[in-house]
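Everything below concerns the one structure shown next.
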Amino acid sequence: MDRSPAVARRTETVRKRGLRARVRTVTARADKEAPLARINLAQTAYDRIKAEIFDFILPPGGRFSENEIAARLGASRTPVREALYRLAREGFLQVYAKSGWRVATLDFDRFDQLYDVRVILELAAARSLCETTTAPDLGALRQAWLVGPRSRNREPHAVAGLDEGFHAALVGASGNTELARYHADITERIRIVRRLDFTQAERIDRTYDEHAAILRAILTRKTQQAMLLLRSHIEASKLEVRKISLHRLHLALREGAERAASEGVLVRPAS
């Protein structure tokens with residue numbers, strides 16, 4: 001049976017209203033998702049650029065433009081600019097009105113101060129671990145560090161990551177989230193020079209030995225011994241950072257330059 005014109009008009013009106021409602025829903029969802037997508041792009045750019053700074057692909061003092069980074073990352077300038085300014089606020093980059101961006105040079109006096117703060121934080125964590133009534137779960141650290149010479153990782157980049165993980169796990173095991181937060185911030189700031197500490201084979205072996213001694217002291221609740229060993233370990237690392245020679249820095253820069261060339265990164269050296 002054919003519908004009357006009035007019924008047909010009402011049906012068409014309902015259909016159009018439903019279509020408009022769906023369009024509004026899709027538009028609202030897109031409006032909500034757009035800022036999130038931009039934030040994700042900015043975070044991705046931030047992570048990529050920071051990793052290149054730490055790996056010396058973008059070397060200390062090296063200069064580059066916002067357009068160069070955006071083109072290489074395949075991203076628009078807006079998220080890249082957000083990432084660059086974030087890194088500048090954190091002290092990793094410097095911005096110049098006419099000459100673009102420059103990677104901050106290594107400030108060893110500042111690193112000394114950061115290491116001093118690191119000592120305070122980690123000693124507090126070690127004391128807490130030794131004096132807690134509940135034994136901390138350090139099984140993963142035992143498996144990684146209480147090993148013989150043949151089972152040790154010898155790749156410098158990997159050992160640097162393992163070293164960070166050891167100290168972060170000790171602080172995290174203390175259960176103090178604020179302590180862990182401050183420690184993570186310090187770790188981020190010293191990472192660029194900390195990695196240079198493992199360019200020598202003897203430093204890798206010494207790190208394994210010292211980590212094992214610290215861990216055994218904590219597991220047996222020997223508070224003073226654990227704190228003494230930990231302080232000595234961090235102070236030794238601090239001294240090694242101070243002793244980083246131009247030769248070791250040159251090797252790291254050369255490796256970074258080779259990786260940059262393989263990835264098509266164009267960075268102008270410091271003038």
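Of the candidates Thr44, Thr11, the single residue that is among the hydroxyl-bearing types (Ser, Thr, Tyr) and modelled with pLDDT of 90 or more is Thr44. I'm told Ile214 meets every condition in (1) at pLDDT 80 or above; (2) farther than 24 Å from Val147 by Cβ except one. Can you identify the failing condition by its number? Among (1) at pLDDT 80 or above; (2) farther than 24 Å from Val147 by Cβ, the lone unmet condition for Ile214 is (2). Could you count how many residues in the range 109-119 are hydrophobic (A, V, I, L, M, F, W, C) and either surrounded by fewer than 13 Cβ atoms within 10 Å (Cβ to Cβ) or in contact with a Leu (Cβ under 6 Å, 6 or more places away or on another chain) (or both)? Result for the range 109-119: 0. Of all residues in the range 90-111, those being closer than 14 Å to Arg191 by Cβ and small (Gly, Ala, Ser) number 2.
Among all residues of the range 152-165, there is at least one that is closer than 15 Å to Asp209 by Cβ and of a type in the set (Lys, Arg). From the list Arg102, Arg48, the lone residue that is assigned to a helix (DSSP H, G or I) and surrounded by 15 or more Cβ atoms within 10 Å (Cβ to Cβ) is Arg48.
You will find that of Leu129, Leu121, Leu87, the residue that is assigned to a helix (DSSP H, G or I), more than 30 Å from Arg221 (Cβ to Cβ) and in contact (Cβ under 8 Å) with a residue 40 or more places away in the chain is Leu87 and no other. Determine whether the range 146-157 contains at least one residue that is in a helix (DSSP H, G or I) and touching a residue at least 60 places away in the same chain (Cβ under 8 Å). The answer is no; no qualifying residue exists. Quick check on Asp137: is it free of Cβ contacts under 8 Å to residues at least 60 places away in the same chain, assigned to a loop (DSSP other than H, G, I, E, B) and not polar (S, T, N, Q)? Answer is yes for this residue.
The set of residues from the range 50-84 being in contact (Cβ under 8 Å) with a residue 60 or more places away in the chain and at positive phi comprises Phe56, Gly61.
Thr199 meets each of the listed conditions (1) modelled with pLDDT of 80 or more; (2) farther than 23 Å from Gly91 by Cβ apart from (1). If you go through the range 236-271 and keep only what is in a helix (DSSP H, G or I) and either polar (S, T, N, Q) or at pLDDT 95 or above (or both), you end up with Ser237, Ser262.
The values are calculated or read from the model by the stated rules, or taken from the named source; none is laboratory data. All figures in this text were calculated on a predicted structure; none of them were measured in a lab. Reconstructed Cβ throughout: ideal geometry from the backbone, glycine too, with neighbour counts over all protein chains shown.
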